[in-house]
Amino acid sequence: MDVTGGLYPSMDTALPQFQEGYGHYREYSALIDQRPPTELRDLLEMLPAGPPVPLEAVEPIEAILKRFSTAAMSLGATSTEAHETLAIAMNRLGGMSNSGEGGEDEARFRDERNSKIKQVASGRFGVTPAYLANAAELQIKMAQGSKPGEGGQLPGHKVSAEIARIRHTTPGVSLISPPPHHDIYSIEDLAQLIYDLKQVNAGALVSVKLVATAGVGTIAAGVAKGYADLILISGHNGGTGASPLSSIKNAGVSWELGLAETQQTLIINGLRGRVRLRADGGLQNGRDVLIAALLGADEYSFGTTALIAEGCLMARACHNNTCPVGIATQRLDLRAKFPGTPEMVMAFFRYVAHEIRELLASLGLRSLEEAVGRTDLLRQRTTGVAEADALRLHKLLALPANFAQQEIRHAGERNPLPVGETLNDRLLQDAQPALEGRGSVELNYTIRNCERTVGARLSGVIGQMYGDHGLPSDTIRINLRGSAGQSFGAFNAPGVSFHLIGEANDYVGKGMAGGTIAIHPSREAAYAWHENVIAGNTILYGATGGELYLAGRVGERFAVRNSGATVVVEGVGDHGCEYMTGGTAVILGSTGYNFGAGMTGGVAFVLDVEERLPIRYNRQLVQLDRLNQQDQERLRELVQRHADLTGSPRAAEILANWAAYVPLFWRVMPREMVARIEAQNAGTQEGGTATYDDATHPAPKAAAVV
C-alpha cells in the first residue's frame, strides 16, 4: 500500500495534502495494530498517565523526528540510489541515516548525502580517517539481531567496481565481514575501540550495536562502563541483501526482550542515565515506537520499513542481485528502475511522528521524553488467542527495586572519557603549522604504555581537513622513545610518519590509511631482534593503506582484514593475514597456524626456513607458490626498505645472502588471483615458479592442519 498517497507533505499537519496522505497511513497502521498476535508488543496495551491533553500541547513532529534513524544497511547490500535516498531524507528531517558496514564514497561527506551514523564493523570495509571524521555518530557493530554471530556477507556478484573501490577490495570477489572476535575478545577490547573512536573523532557519539538475546543486559552494563554514549538493541527481524538465506535460521529474539533486560540491568546498576538506548528490528508504526519508548528506548531505528517507504516490494531476491525495483542490487539495468525519492521517505516518517503525537496526547503525555522508561504504563492484554494469553510477561514489565531512586532514561549528557591532557593533545597542537600548510614539522617525545591510540586525533583532523588523500609524504614526522600503549598509530593518515624506538602493545596500525610506522628496539639491545616480540596482537587490523615496518615478532591475528597496507615483520602468531582483501605482507620468520584463512586479495611473502608453512596455512582459499622474478624484485625492495627504516639485523642478513634465502620464501595468494594472473600471462611460464600441493608435499599425519 502506498501510505504516502502520492503526496509529500510539509510539517504543517493542517494542510489538506497532509491529512489525505495521513489517512492512507492510518489504514496501513490499523492493519498492523489489528493483526493476530505476532510479536510480543502485540500482547501489550498502554495505560494513560493522566487525562488526555490537547494535541497542540504535545511536542512537535520535528522533535520526534530527531529520535529517528534508518538501520544499518550497507552500500553494496543496497544500491547507490537507495542508499543515498535514505541519507538525504533523514538529513532533511533532522534524523540520521546509517551507512552500514560498507563504507561510503568520500564525495558524499560534504553534502546532504552524508550518513551521519557511520558503522565500524569487524570487516572494517571503507573505514578510513575521512570516513570516521565525517560522522556525528560512530557505531561499533558487535552483532545484529537477524544473524548474531555470523558477521556480514556480500556475494561476489554484488561487488561491482564501484563497491570494490569504496570497500578497498576486488570486484567480483565475495566479501566476508567476520564475526567480531578478531579484535574484540573481551569487554576491555571493546572499551579500547570505543576509546579509539573517541580519539579519532572527538565530536562524534560512539554507539555499540548489540543483539537482543538472553544476557544482553550484562553486556550493555559493560558497554556503558566502557564510555559508550549509546547502546542499540537489535531484534531478530530484518536483514538486507548482504544476508545468506541460512541466516534466517540463526536469529536473535524480539527487541522487546533485549530492551527490557537492558533497561532493568542498567537501572539496577545505576548506569541508565549515562547512555541512550535505541531499538530496532521490525518497527512499523507509531504504536511500535511508543511501546519501545515505554520499555526504555530513547531512540528508534527503522530498516525494512524505510526501504518499503522508498519503493521496496519485498520480492525477497536481495541475495540474488535481482531486485526488481533497484534497491538491493548493483545491476545498472535494475537500478535504473528505482522509483524512490527522499520525499516518499520523509512523508512516511512524518506520518509516524504525527501518529506518536496523537498517542501521546491520548495518554496524557506531552513528549516522548516523558514516555521513556515508563514501564508502569504497560500491561498485558487479553487477545483471545489461547497460546498468546498463556504467556506471562511480568518479567518483561518488571520494575527494579531501586526504580524510584535511579534514572530511568538518558540524563542528557555524553558519557565522557576521563579528562586530562594526553600525548594526542600535544601532537595535535605541535603539528598545527603543518596542518595549516606552513611546511613540514618533526616532533620528538617519550612515550609510556598508558598513552593509548597515539596519533588518532591528529589523523582524524587530517581526514576532516584534507580527506583520505591526506598530506604529502613525511609532512609530519614523529620520533618517539619508550613503550607505546594500545592502538599506536591507529587510523594513521597519509603524510604522518612515526618512528618508535622501543616496543608497542596490541593494535598497532589499526585502521591505518597511509603514512609510515617503523618500530625497532634500541640499537644497544643485547638480544636477537627477530627472536623477540616488538608488538602485540591484532596488528594492522582493517588497514587500508600505508607502510608498517616491525623489527621483531608480533602476536596473533596479524594483518587481519588488511585491504591495502604494506607491512614487513619478522614473525607472527596464529591467524596471520586472515580475511585479507589487499595489500602486501612480508614475514621474515615463522608463522602460526591458520595462515591466510578467508584471504581473498593481496599477497604475502613468507620466509619458511623450517618448511612448516605447508602444514600451517589455510588451504580453503589460498595457495603457496615459489617466487618468480617479479616477486623477487618486489620482495627485495621491501626488505631493503625495512633495513633502511629499522636497521634490522635480520633484514641485513637476508640481503647479504639473497641467493640462499630467496628459495626459502613462499608466495601466498588467493587461488582466484593466481588464476587471473595466469590467464593474463596467456599461458606463458616464468622461471623460478613452483606450486605447493598436497600430493608433492604431503603434510605429516600427526600435524593438525587448521
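The values are calculated or read from the model by the stated rules, or taken from the named source; none is laboratory data. Just so we're clear, the structure is a prediction, and the values are computed from it rather than from any experiment. We place every Cβ from the backbone using ideal geometry, glycine too, and count neighbours over all the protein chains shown.
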task: Please go through region 504-545 and pick out each residue that is part of a strand (DSSP E or B), farther than 15 Å from Gly571 by Cα and not aliphatic (A, V, I, L, M).
output: Gly514, Gly515, Thr516, Gly545
message: Here is a check on your reading of the model: is Ile88 surrounded by fewer than 24 Cβ atoms within 10 Å (Cβ to Cβ) and assigned to a helix (DSSP H, G or I)?
response: yes
- prompt: Looking at region 626-653, which of its residues are of a type in the set (D, E, K, R) and more than 15 Å from Ala585 (Cα to Cα)?
  reply: Arg626, Asp644, Arg650, Glu653
- prompt: Within region 61-74, is even one residue under 20 Å from the mean Cα position of the chain (by Cα), without any contact (Cβ under 8 Å) to a residue 40 or more places away in the chain, surrounded by 20 or more Cβ atoms within 10 Å (Cβ to Cβ) and not in a loop (DSSP other than H, G, I, E, B)?
  reply: no
- request: Within region 646-672, track down each residue that is part of a helix (DSSP H, G or I), modelled with pLDDT of 95 or more and surrounded by fewer than 21 Cβ atoms within 10 Å (Cβ to Cβ).
  value: Pro649, Ala652, Glu653, Leu655, Ala656, Trp658, Ala659, Ala660, Tyr661, Val662, Pro663, Leu664
statement: Selection from region 394-424 of residues outside any loop (DSSP other than H, G, I, E, B), at pLDDT below 90 and of a type outside the set (S, T, N, Q) yields Phe403, Ala404
message: Take the conditions modelled with pLDDT under 95 and not in a helix (DSSP H, G or I) and apply them to Val454. Does it pass?
response: no
statement: If we keep only residues of region 584-615 that are touching a Ser or Thr at 6+ places or on another chain (Cβ under 6 Å) and not hydrophobic (A, V, I, L, M, F, W, C), then the residue surrounded by the fewest Cβ atoms within 10 Å (Cβ to Cβ) is Thr584
query: Among (1) more than 27 Å from the chain's Cα centre (by Cα); (2) modelled with pLDDT under 95; (3) of a type in the set (D, E, K, R), where does Arg316 come up short?
result: (1)
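Residues checked against (1) touching a residue at least 24 places away in the same chain (Cβ under 8 Å); (2) under 26 Å from Pro129 (Cβ atoms); (3) in contact with a strand residue (DSSP E or B) (Cβ under 9 Å, 6 or more places away or on another chain):
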{"site": "Lys510", "(1), (2), (3)": "yes, yes, no"}
{"site": "Ile517", "(1), (2), (3)": "yes, yes, yes"}
{"site": "His530", "(1), (2), (3)": "yes, no, yes"}
{"site": "Val533", "(1), (2), (3)": "yes, no, yes"}
{"site": "Ala543", "(1), (2), (3)": "yes, yes, yes"}
{"site": "Glu547", "(1), (2), (3)": "yes, yes, yes"}
{"site": "Ser563", "(1), (2), (3)": "yes, yes, yes"}
{"site": "Tyr579", "(1), (2), (3)": "yes, yes, yes"}
- line: Of the listed residues (Gly273, Gly258, Gly282, Gly252), the one being at pLDDT below 95, farther than 30 Å from Val173 by Cβ and either assigned to a loop (DSSP other than H, G, I, E, B) or small (Gly, Ala, Ser) (or both) is Gly282
query: Does region 330-346 contain any residue that is assigned to a helix (DSSP H, G or I) and buried (at least 22 other Cβ atoms within 10 Å of the Cβ)?
result: yes
message: I'd like to verify a number: residues in region 261-270 that are in a helix (DSSP H, G or I) and without any contact (Cβ under 8 Å) to a residue 60 or more places away in the chain, how many?
response: 4
Output for region 167-202, where each listed residue is without any contact (Cβ under 8 Å) to a residue 60 or more places away in the chain and of a type outside the set (Val, Ile, Thr): Pro171, Gly172, Pro179, Pro180, His181, Tyr185, Ser186, Glu188, Asp189, Leu190, Ala191
query: Could you count how many residues in region 119-147 are in contact with a strand residue (DSSP E or B) (Cβ under 6 Å, 6 or more places away or on another chain), within 23 Å of Ile176 (Cα to Cα) and either part of a strand (DSSP E or B) or at pLDDT below 95 (or both)?
result: 13
- prompt: Any residue in region 160-171 that is part of a strand (DSSP E or B) and surrounded by 24 or more Cβ atoms within 10 Å (Cβ to Cβ)?
  reply: no
- request: With the checklist (1) touching a residue at least 24 places away in the same chain (Cβ under 8 Å); (2) more than 30 Å from Tyr185 (Cα to Cα) in hand, flag the one item Ala526 doesn't pass.
  value: (1)
message: Just to verify a result, which residue in region 582-602, among those that are in contact with a helix residue (DSSP H, G or I) (Cβ under 8 Å, 6 or more places away or on another chain) and outside any loop (DSSP other than H, G, I, E, B), is nearest to Leu154 (Cα to Cα)?
response: Gly601
statement: Among the residues of region 513-528, the number that are of a type in the set (A, V, I, L, M) and out of contact with any Asp or Glu (no Cβ under 9 Å at 6 or more places or on another chain) is 3
message: If I filter region 565-581 down to residues being within 25 Å of the chain's Cα centre (by Cα) and on the phi > 0 side of the Ramachandran plot, which single residue comes out as surrounded by the fewest Cβ atoms within 10 Å (Cβ to Cβ)?
response: His575
